[in-house]
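Right, one structure below, let's go through it.
The numbers here are math on the coordinates, done by the rules we state, and not lab data. Every value quoted in this text rests on a predicted model; they were computed, and no experiment measured them. Note that we place each Cβ from the backbone using ideal geometry, even for glycine, and neighbour counts take in every protein chain shown.
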Amino acid sequence: MKVSEPPVVVSQTYDVRPEKLWSAITNIDEMRIWYFDTIEDFKPTVGFKTSFLIENEGRLFTHQWEVKEVVEGKRIKYQWNYKEHEGDSYVLFEINEIAKTQSSLTLSCIVEKDYPDHIPEFDRSSCVAGWEYFLKERLVDYLKK
């Protein structure tokens, strides 16, 4: 993923109220179910930092997040980088109410510093596939329960 590439944007509509969607993307107990089960802690508070390790095919990815912006119930933005690798980005989750019991989530992933070319997980197509998996499969399935 490169600064020169357009942001990755993934949107999905859910049959839940915005409050439920907000809880799913900010409550640590819920995040562990559909997002990353190894997240040690998360708080939707500006300045909050967390890190957790994910290993894939022998490669280590210590996720390092710092919450940069919070509009309660509507949007959250956090910086996202990895301890072991160059590169820096942020993700922005934005919730919109569509109807009484329906809301949408739009995620934008914007690269601020290039990631390495030689690591498959940092390919733009991998990023798109990952976010589509989380938002269009995992979160959909979680919210249906």
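Find, among the chymotrypsin sites (Phe, Trp or Tyr not before Pro) in segment 76-145, those assigned to loop by DSSP (not H, G, I, E, B) with at most 13 other beta-carbon atoms within 10 angstrom. It would help to have the intermediate numbers written out before the result.
Numbers: sites: 78, 80, 82, 90, 93, 122, 131, 133, 134, 142; in loops: none.
Here no chymotrypsin sites (Phe, Trp or Tyr not before Pro) fit, given the DSSP loop and packing criteria.
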Which three extents, in whole angstrom, do the alpha-carbon atoms of the chain cover along their principal axes, largest first? 46, 29, 27
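Can you tell me the order of 4-13, 102-111 when each peptide is scored by its average per-residue count of other Cβ atoms within 10 angstrom, highest first? Walk me through the numbers before you get to the answer.
On the way: 4-13: 14.0, 102-111: 18.2.
Ranking the peptides 4-13, 102-111 by packing returns 102-111, 4-13.
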Just how far, in whole angstrom, is segment 65-120 from segment 13-37 if you go by their alpha carbon centroids? 14
Give, in nm to one decimal, the length gained when the segment between residue 140 and residue 117 is fully stretched (0.36 nm per residue of separation minus the Cα-Cα distance). 5.1 nm
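What does the helix-only formula give at 222 nm for the chain: each DSSP H stretch with n ≥ 4 adding -39500 (n - 2.57), the total divided by the residues, and the result rounded to the nearest 500 deg cm²/dmol? Let's see the in-between values first.
Details: 4 runs with 32 residues, N = 145.
When only DSSP H runs of four or more count, the value is -6000 deg cm²/dmol.
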With +1 on the Cβ of every Lys and Arg and -1 on the Cβ of every Asp and Glu, the dipole magnitude of the chain about its Cα centre, in debye rounded to the nearest 20, is 560
Gain upon complete extension [residue 68, residue 125; 0.36 nm per residue less C-alpha separation]: 17.9 nm
If I model a spin label at residue 4 and residue 19 as a point 7 Å from the Cα along the Cα→Cβ vector, what separation in nanometres do I get? 4.9
